[in-house]
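Reviewing the structure listed below.
The values are calculated or read from the model by the stated rules, or taken from the named source; none is laboratory data. Nothing here was measured: the structure is a model prediction, and the numbers come from that model. For neighbour counting, all protein chains shown are included, and Cβ atoms are generated from backbone atoms with ideal geometry for every residue, glycine included.
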Amino acid sequence: MPLTQGHWRYLMVLRALCGEDGGARITDVSAALHVSKPSAHRMVLRLTQMELAEAAPRGRVYLTARGRKLADLCQSRLGGVRELLQNELKMGEEEAGRAALALLEYLPEGTGTSP
């Protein structure tokens with residue numbers, strides 16, 4: 001199943017909240033994305049079904065190795081695309097970040113990554 005913009009957003013937030021070894025709480029995920037707890041829970045469940053995240057006791061969520069790898073790839077691709085939008089289209093940082101995330105699901109594999 002291809003990843004949507006929503007999947008990418010959640011992977012990036014989980015990557016930031018989990019750090020290297022820590023898990024994230026659904027409450028923190030929903031607050032970071034400005035969505036309801038039930039919405040965050042549904043998306044985390046989808047990521048779990050896709051084997052990109054796993055739930056642990058006490059409501060913590062962790063990225064799997066595959067989820068972390070995709071989140072790292074996403075971060076790399078976003079940086080390259082965001083920089084292009086800022087430099088070539090003179091977008092502000094926040095605007096370029098939102099636009100890069102929206103474009104991410106449509107970019108061919110390897111776009112925005114270093115050679």
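So, in segment 61-105, exactly how many residues are surrounded by fewer than 16 Cβ atoms within 10 Å (Cβ to Cβ), at negative phi, modelled with pLDDT of 90 or more and not in a helix (DSSP H, G or I)?
Adding up the residues that qualify gives 2.
Quick check on segment 24-44: of everything there that is within 19 Å of Gln75 (Cβ to Cβ) and of a type in the set (Gly, Ala, Ser), which residue is surrounded by the fewest Cβ atoms within 10 Å (Cβ to Cβ)?
Looking at residues that are within 19 Å of Gln75 (Cβ to Cβ) and of a type in the set (Gly, Ala, Ser), I get Ala32.
Just the residues that are in a helix (DSSP H, G or I), modelled with pLDDT of 90 or more and small (Gly, Ala, Ser), please, taken from segment 1-30.
Ser30 - this is the single residue of segment 1-30 that is in a helix (DSSP H, G or I), modelled with pLDDT of 90 or more and small (Gly, Ala, Ser).
Enumerate the pairs (first residue in segment 30-49 and without any contact (Cβ under 8 Å) to a residue 60 or more places away in the chain; second residue anywhere and surrounded by fewer than 13 Cβ atoms within 10 Å (Cβ to Cβ)) with beta-carbon separation below 9 Å, excluding pairs fewer than 6 apart on the same chain, so at least 6 apart or on different chains.
That search, which allows pairs on different chains as well, returns Ser30/Ser36; Ser30/Pro38; Lys37/Thr27; Ala40/Thr27.
On the basis of being free of Cβ contacts under 8 Å to residues at least 60 places away in the same chain, under 13 Å from the mean Cα position of the chain (by Cα) and more than 21 Å from Pro2 (Cα to Cα), does Ala53 make the cut?
No: the conditions fail for Ala53.
Among the residues of segment 44-87, write down those that are among the basic types (Lys, Arg) and touching a helix residue (DSSP H, G or I) at 6+ places or on another chain (Cβ under 8 Å).
Selection gives Arg46, Arg68, Arg77, Arg82.
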